[in-house]
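The values are calculated or read from the model by the stated rules, or taken from the named source; none is laboratory data. A quick note: this is a predicted structure, and the numbers were derived from the prediction, not measured. Cβ coordinates were reconstructed from backbone atoms using ideal geometry, including for glycine residues, and neighbour counts include every protein chain displayed. With ligands, DNA and RNA removed, areas are computed over all heavy atoms of the protein, side chains included. Shrake-Rupley method; radii C 1.70, N 1.55, O 1.52, S 1.80 Å.
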Amino acid sequence: MLAVIKANAYGHGIVTVAEALGSADAFAVARLEEAVMLRAAGCRARVVLLEGISDARELATAAQLGLELFVHYAGQIELLEAWRGAQSLHVWLKIDSGMGRLGFRPAEVPAAAARLAACACVAGPANLVTHLAEAELRGNAGTRAQIDRFNEVTRGMPGERSIANSAGLIAWPDAQADWVRPGIMLYGISPFADAIGANLGLKPVMTFETRVLALKDVAAGDRVGYGGTWTAKGRSRIAIAAAGYGDGYPRNAANGTPVQVNGMPAELAGRVSMDMLTIDVSDVPQVSVGDPVQLWGPAVPVERVAQSAGTIGYELTCRVSRRVRFERRP
């Protein structure tokens, strides 16, 4: 289990999540700075750099911290060949089986693997890894081709294999191999556009909440917010909540985006502004200033909010801003 905690653990707090997932076999981060943060916090687990290193200075730091490296282009092999440090490093050879992003093309893999095997600083055979481009589309021919291509190019090669991300782990059993790399599912969020985490037996880790800042009664025909994008159909009550795009809530969340006020369902009414958003609470009894507002969490799936904003749950949790106070709850 290579638990992916890059991008500040998808916005959840990298150190907090590493502590919570202490039973994982290893952690994956994108960049060296994230690994440095983990080591500074006392994390002694195996840590893998998904983007590898870009120069000799980064290689020296990675070696000193005992990190493992994805190797996805020839320049990284050259850095390893030139390395004269005392430490050895475990590496993961990234194969581009169809993502078209990082990794060696299948025809390049034998030569790359041979060069890594000849590097004095590389400990043991390189692990072999690829990334699926469309695993969230069940039964997709492109994913089937990627898995088959990876298996073909690695046949007979030493080293442990890793194919599956969250969607691959759930929907493609033959992609599980030796290592799986769950990311978004660790946080209770579905990798599939047609499902929420609860449909998959997952529980959301993050609850994004605020409070009612003010209440206002409006008459039929009154418009609310910048641009007047919401118009009251009848006498309505509007709650103003203390959150906005300055906190990471999506500005393009549409009218009708679900929220929860004081434990009851409600909807956005008007354009999200920097520090506030407006909510139609006409059908919510006994709303008062200070009442809790759940923007996403157990009662308001982040996937539904993301749909209303034309994006994905990954982006929303990653975008929660620094001015939002984080609390770790049991």
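Things to note:
- Within region 90-110, tally of residues that are of a type in the set (Gly, Ala, Ser), open to solvent by 60 Å² or more (accessible area, probe 1.4 Å) and at negative phi: 1
- Qualifying residue in region 130-151 (condition: in a helix (DSSP H, G or I), of a type outside the set (Lys, Arg), touching a strand residue (DSSP E or B) at 6+ places or on another chain (Cβ under 9 Å) and touching a residue at least 40 places away in the same chain (Cβ under 8 Å)): yes
- Residues in region 192-207 that are within 29 Å of Ala239 (Cβ to Cβ) and of a type outside the set (Ser, Thr, Tyr) were compared, and the one that is most open to solvent (accessible area, probe 1.4 Å) is Lys203.
- Residue match in region 119-133 (condition: more than 18 Å from Ile77 (Cα to Cα) and open to solvent by 30 Å² or more (accessible area, probe 1.4 Å)): yes
- Among the residues of region 230-243, those that are open to solvent by 40 Å² or more (accessible area, probe 1.4 Å) and either more than 9 Å from Leu213 (Cβ to Cβ) or touching a Gly at 6+ places or on another chain (Cβ under 6 Å) (or both) comprise Thr231, Lys233, Arg235, Arg237.
- For region 69-108, the tally of residues that are of a type in the set (Ser, Thr, Tyr) and in contact with a Lys or Arg (Cβ under 7 Å, 6 or more places away or on another chain) stands at 1.
- Any chance Pro158 is under 21 Å from Ala28 (Cα atoms) and either among the hydroxyl-bearing types (Ser, Thr, Tyr) or surrounded by fewer than 19 Cβ atoms within 10 Å (Cβ to Cβ) (or both): no
- For region 208-229, the criterion of being without any contact (Cβ under 8 Å) to a residue 60 or more places away in the chain, open to solvent by 20 Å² or more (accessible area, probe 1.4 Å), in a strand (DSSP E or B) and touching an Asp or Glu at 6+ places or on another chain (Cβ under 8 Å) is satisfied by no residue at all.
- Qualifying residue in region 72-89 (condition: among the basic types (Lys, Arg) and open to solvent by less than 60 Å² (accessible area, probe 1.4 Å)): no
- Filtered residues of region 233-247 (kept if under 17 Å from Asp283 (Cβ atoms), part of a loop (DSSP other than H, G, I, E, B) and touching a Leu at 6+ places or on another chain (Cβ under 6 Å)): none
- Residue within region 96-111 that is part of a loop (DSSP other than H, G, I, E, B), among the aromatic types (Phe, Trp, Tyr) and touching a residue at least 24 places away in the same chain (Cβ under 8 Å) present: no
- Residue match in region 181-191 (condition: among the basic types (Lys, Arg), open to solvent by 50 Å² or more (accessible area, probe 1.4 Å) and not in a strand (DSSP E or B)): no
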